Ligand code: 5GP
Ligand code: ZN
């Protein structure tokens, strides 16, 4: 996906402020944070959105979900955190490379 912003970040072609990486995902700071901690958990594999996941991705999405509380703990989010996964244009998705937002560090407003 040569025209994908997050693929370029994963490839190191566009800089990002990374806080974690492993063989399956990278986690970096959102460029326009909505909370004191606002991270994006992004699979190295290009998948457009949750609509494009299937059973072959079950281990990957499980890994991403279980990583969230670990990253939150590392970031000191002892009071809790919010996760957001926007899907499709009407869902507010702007970057069509699957990602999970991880937000915290203050009392977040009701949704
Ligand atoms: P979406 O609306 O697709 O769920 O969220 C995309 C997120 O990517 C937005 O919160 C936006 O601020 C973030 N973003 C867009 N471009 C960049 C970038 O170049 N670098 C980083 N770190 N985040 C970005
Ligand atoms: Zn991509």
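The values are calculated or read from the model by the stated rules, or taken from the named source; none is laboratory data. Computed from a predicted model, the values in this text were never measured in an experiment. Cβ: placed from backbone, ideal geometry, glycine included. Neighbour counts: every protein chain shown.
Looking at the stretch 85-96, I want the residues that are touching a residue at least 60 places away in the same chain (Cβ under 8 Å) and closer than 13 Å to residue 51 by Cα and have a partner that is within 15 Å of ligand 2 (Cβ to nearest atom) and part of a loop (DSSP other than H, G, I, E, B) with Cβ atoms under 7 Å, at least 6 apart or on another chain. Which pairs are those?
The qualifying pairs are 96/48; 96/49.
Conditions tested, residue by residue: (1) exposed (fewer than 15 other Cβ atoms within 10 Å of the Cβ); (2) touching a residue at least 24 places away in the same chain (Cβ under 8 Å); (3) within 16 Å of ligand 2 (Cβ to nearest atom); (4) farther than 17 Å from residue 104 by Cβ.
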position	(1), (2), (3), (4)
6	no, yes, yes, yes
21	yes, no, yes, yes
39	no, yes, no, no
49	no, yes, yes, yes
68	no, yes, no, no
71	no, yes, no, no
77	no, yes, no, no
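Residue 84 - would you say it is modelled with pLDDT of 95 or more and within 13 Å of the chain's Cα centre (by Cα)? Break it down into steps so the answer makes sense when it comes.
Details: modelled with pLDDT of 95 or more: yes; within 13 Å of the chain's Cα centre (by Cα): yes.
Answer is yes for this residue.
Please go through the stretch 79-89 and pick out each residue that is within 16 Å of ligand 2 (Cβ to nearest atom) and either in contact with a strand residue (DSSP E or B) (Cβ under 9 Å, 6 or more places away or on another chain) or more than 25 Å from residue 47 (Cβ to Cβ) (or both).
85, 86
Tell me yes or no: at least one residue of the stretch 101-110 is closer than 21 Å to residue 4 by Cα and either more than 17 Å from the chain's Cα centre (by Cα) or free of Cβ contacts under 8 Å to residues at least 60 places away in the same chain (or both).
Scanning the stretch 101-110, I find no residue that is closer than 21 Å to residue 4 by Cα and either more than 17 Å from the chain's Cα centre (by Cα) or free of Cβ contacts under 8 Å to residues at least 60 places away in the same chain (or both), so the answer is no.
Among residues belonging to the stretch 23-37 that are in contact (Cβ under 8 Å) with a residue 12 or more places away in the chain and over 13 Å from the mean Cα position of the chain (by Cα), point out the one that is farthest from residue 73 (Cα to Cα).
Step by step, filter the stretch 23-37, then rank; the result is 23.
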